[in-house]
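Please read the structure below before turning to the comments.
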Amino acid sequence: MQSVLEFLRALGWGIGTVAIVTLLGGVSLPSLAENPSSQEVLRVENRVYRGHDELISQSLTIILTDRAYDFLDAPSEGTIIDFARKRITFLDFQRREQAQVSFETILLFLDRLRARAGEHPDPGFRFAAQPSFEIRQDGPDVWVFSSSWMTYRVRTQQGFDQSTCERFWKVSDWITRVNTLLVPGSRPPFARLAVNETLRDKKLLPREVVLVPAARNFLEWLPGRRAELRGVHTISGELAPEDRTRLEKADQAMLSFRRVNLIDYQSSRRGAKEEPH
């Protein structure tokens, strides 16, 4: 499957068009978050591997009542999802820059992307716009989502109440959408969002998610030749002592970092080599 940038080039869109569309969202100065000790907390450690043991991305997601924070280790960046104000703030801790975009703008962009891809003559584009999986259970806690284009294998965990599941998947969906805009080489989000929806309906949370892309040539049909991506998620309900420092740092960054438009923010990180988690 192509990345979103390859989609846009094939659909006749340039990266400037993407950025201009996203700039429709407003920018204003946020207030500090509430004391996290007074809120419900969900803490998720995320690690992404290529193959079995090549760690390519590590992050921490902290979900509070009114917002969520996603901290990427390398590069040192943060994403803050503000549900009350319906906007997302991107923080670059190295360059001390920030950019903002509204929920409405992201959804508008993805609606246009889906519509254009759905009309494309290439069946891979059409699948990405309207993904359809054959879903089966493989053992008590493993769900498999298979198609001709990609397969997801998800090892799940139970024991969480409905409110916790809803909070987790709401944040996961927004991070998936944001990665499409911001992360070089990321796929369009609709396949992963379809997987998320099924797991949400079953009130399950992921422990491990393996993405196996379709074979592109004869050699990739051989065992071990396809580059699987494996995401591992460790979920808890308590903050570590250092987490409060990271939250305070992010809140202060929103007040002090230089604000730039999303075109400049995208340009500054376009050469980054990272994978969505």
Check: Filter segment 83-120 for residues that are aromatic (Phe, Trp, Tyr) and part of a loop (DSSP other than H, G, I, E, B); which is farthest from Asp173 (Cα to Cα)?
Finding: Phe93
Notebook entry, point to check: In segment 186-204, what residues are of a type in the set (A, V, I, L, M, F, W, C) and not in a helix (DSSP H, G or I)?
Noted result: Leu204
Notebook entry, point to check: If Leu255 satisfies every condition in (1) part of a helix (DSSP H, G or I); (2) at pLDDT 95 or above; (3) surrounded by 17 or more Cβ atoms within 10 Å (Cβ to Cβ); (4) in contact with a Leu (Cβ under 8 Å, 6 or more places away or on another chain) but one, which is the exception?
Noted result: (3)
Item checked: Residue check, Glu197 modelled with pLDDT of 90 or more, surrounded by fewer than 19 Cβ atoms within 10 Å (Cβ to Cβ) and out of contact with any strand residue (DSSP E or B) (no Cβ under 8 Å at 6 or more places or on another chain) -> yes
Check: Given Ala227, Ala215, Ala129, which one is at pLDDT below 95, over 23 Å from Asp53 (Cβ atoms) and among the aliphatic types (A, V, I, L, M)?
Finding: Ala129
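It is to be established whether one or more residues within segment 155-164 are of a type in the set (S, T, N, Q), in contact with a helix residue (DSSP H, G or I) (Cβ under 8 Å, 6 or more places away or on another chain) and in a strand (DSSP E or B).
yes
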Item checked: Residues satisfying the stated conditions in segment 138-151, i.e. under 19 Å from Ile235 (Cβ atoms) and either free of Cβ contacts under 8 Å to residues at least 60 places away in the same chain or touching a Pro at 6+ places or on another chain (Cβ under 9 Å) (or both) -> Pro140, Val142
Notebook entry, point to check: What is the number of the single condition among (1) at pLDDT 90 or above; (2) surrounded by fewer than 18 Cβ atoms within 10 Å (Cβ to Cβ) that Pro75 does not meet?
Noted result: (1)
Margin query: The conditions are (1) surrounded by 17 or more Cβ atoms within 10 Å (Cβ to Cβ); (2) out of contact with any Leu (no Cβ under 6 Å at 6 or more places or on another chain); (3) assigned to a strand (DSSP E or B), and Val171 fails exactly one of them. Which is it?
Written below: (3)
Next item on the list: Determine which member of the set Asp53, Asp82 is of a type in the set (D, E, K, R), modelled with pLDDT under 90 and under 29 Å from Val232 (Cβ atoms).
Entry: Asp53
Item checked: Whichever residue in segment 132-154 is more than 30 Å from Leu113 (Cβ to Cβ) and surrounded by 12 or more Cβ atoms within 10 Å (Cβ to Cβ) and, among such residues, is farthest from the chain's Cα centre (by Cα) -> Asp141
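The values are calculated or read from the model by the stated rules, or taken from the named source; none is laboratory data. Predicted model only: the values in this text are computed from it and were never measured. Positions of Cβ are generated from backbone atoms using ideal geometry, with glycine treated the same way; all protein chains shown enter the neighbour counts.
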